[in-house]
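Have a look at the structure below, then the notes.
The values are calculated or read from the model by the stated rules, or taken from the named source; none is laboratory data. Predicted, not measured: the structure shown is a model, and the values here were computed from it. Reconstructed Cβ throughout: ideal geometry from the backbone, glycine too, with neighbour counts over all protein chains shown. Just so you know, the surface numbers come from the protein's heavy atoms only, side chains and all, with ligands and any DNA or RNA stripped out. Shrake-Rupley method; radii C 1.70, N 1.55, O 1.52, S 1.80 Å.
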Amino acid sequence: FLDPPISLSAVVHLNLSRNELWDLPADLRALSSVRHLDLSRNWFAALPPSIVDLGGRLETLDVSHNMLRPSQAALLIAGSDRAGESQSGERRTRPSGGSGSDTNTCALQSLTHLQVLDLRFNQKCGHQKLLDKLGRMLPSVDVRMTISFPPPEGAFVGGSAAERDPALLRSQLEPWPTTALRRRLVADFGEDPSSPETFSRADVMGRLLDLYEQEGNDRAIVRVEGTPVDGDLLRDLREALAEWRREWNDGNQERVSIDADNYMILTSPLSWSELGAKKKAKAAAKLEKHRAVWELAQAAMSSVDADFASSYTALAVTHNFRGSPHIDKQNLAPFYGLSVGDFEDGTGGVMVECSARVVAHVNTKGRLGRVDGRYPHWVAPYDAKKDRYSLIFYQTMGRPFQTTGPAIFDLPEIDVQ
């Protein structure tokens, strides 16, 4: 409480940052004198429509460090309907019905005194095209945005996991988000915390690589054996996968960010509940076409982990998957990997980062290895003249999310190389 109390109409600077807010009252006309509004570090997924009530004086709007979506409706650039209300009585913006061009009247343009719009560090609002669009719509406003696409120079190497050399430490670190890399600098190397505003991802990565080099770039490798699968089942599975490969004259690549000759995804009926009729029919036809591979894979999984066999929602079927350090961001739980082929046993396993200084090599040849794919992982080297088939059993929907980690499970006695 303020003593003495002041009138809301006298407020010029309003700081509502760090309050876990995701919306504002539907009517802000009592705050008629506000010139500077700070909504940073909250939970906003969209700009509150009621900020148009501040249009007469508002000069600075700070919505940095939120969760804003890049849609026209979320950013109030699709036109404004002051009379439109949701069922709850709150006003909401909607497209004006025009062509959607930059010249349409929109709610943001009604903030006629606006000088600064700070959208920095909203993860989804990082495309240069969006910044260009806002610049055209608000030519007199200093629009601030953290650009993540195209990536700033030095932020990343390679356009995708398929283009990165898995033998390089930087390639192995690249899948981590910048916040995780900053945390590593502090927690694992004793560096002082850094600010995203003055120390970019390129700076963070460069500093990490320097520190690793000072330690000799020598991360420990632990070798882990997956659970063996029945030999007869493995033979049948290899034959079915070889037959599957022969179906494709020019390869079948359904995940272009991964370096593989063939990559196919089969989905379980468990994942079809939210699909429309056409997509469900297409998924069912695809599963039926490859029924032999699916059933053999299911039998292998059931022999090792019956519970997971009844809950995984997708199966990635690959031929000659190579390297490709990546993180599976959509996974709800650890995955299982199984590989077969004529490549040498002990090669071509799944490499996964366990910690800043430890990497595991999980041997999956003829074995089902359990790995948490929400850590950077890739395929270990194997003879390129040989065939390597793999099956990855994973879950992206269904039972509740499992907390990330550890990267590997049920360790036997481990040799450190």
task = Filter the stretch 350-366 for residues that are out of contact with any helix residue (DSSP H, G or I) (no Cβ under 9 Å at 6 or more places or on another chain), under 28 Å from residue 306 (Cβ atoms) and not in a loop (DSSP other than H, G, I, E, B) and give the result.
result = 350, 352, 354, 360, 361, 362, 363, 365
inquiry  = Restricting to the stretch 201-250, give me the number of residues that are out of contact with any helix residue (DSSP H, G or I) (no Cβ under 8 Å at 6 or more places or on another chain), closer than 30 Å to residue 178 by Cα and part of a loop (DSSP other than H, G, I, E, B).
reply    = 3
key: Criterion (at pLDDT below 95 and in a loop (DSSP other than H, G, I, E, B)) met by exactly one of 343, 401   = 401
query = When you look at residue 251, is it of a type outside the set (A, V, I, L, M, F, W, C), free of Cβ contacts under 8 Å to residues at least 12 places away in the same chain and in contact with an Asp or Glu (Cβ under 8 Å, 6 or more places away or on another chain), yes or no?
reply = yes
ask   = Hey, any hits in the stretch 270-277 for a residue that's more than 27 Å from the chain's Cα centre (by Cα) and assigned to a helix (DSSP H, G or I)?
value = yes
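Yes/no matrix, rows are residues, columns are (1) touching a residue at least 60 places away in the same chain (Cβ under 8 Å); (2) within 22 Å of residue 293 (Cβ to Cβ); (3) open to solvent by 50 Å² or more (accessible area, probe 1.4 Å):
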| site | (1), (2), (3) |
| --- | --- |
| 342 | no, yes, yes |
| 352 | no, no, no |
| 359 | yes, no, no |
| 369 | yes, yes, no |
| 388 | yes, yes, no |
| 407 | no, no, no |
request  = Answer yes if at least one residue in the stretch 317-330 is in contact with a Gly (Cβ under 7 Å, 6 or more places away or on another chain), farther than 27 Å from residue 181 by Cα and open to solvent by 10 Å² or more (accessible area, probe 1.4 Å), and no otherwise.
outcome  = no
message = Condition first: open to solvent by 40 Å² or more (accessible area, probe 1.4 Å) and under 22 Å from residue 42 (Cα atoms). Now tell me which residues in the stretch 109-130 satisfy that.
response = 115, 120, 121, 123, 124, 127
ask   = Can you name the residue in the stretch 229-275 that is over 13 Å from residue 294 (Cα atoms) and among the β-branched types (Val, Ile, Thr) and, of all such residues, is most open to solvent (accessible area, probe 1.4 Å)?
value = 256
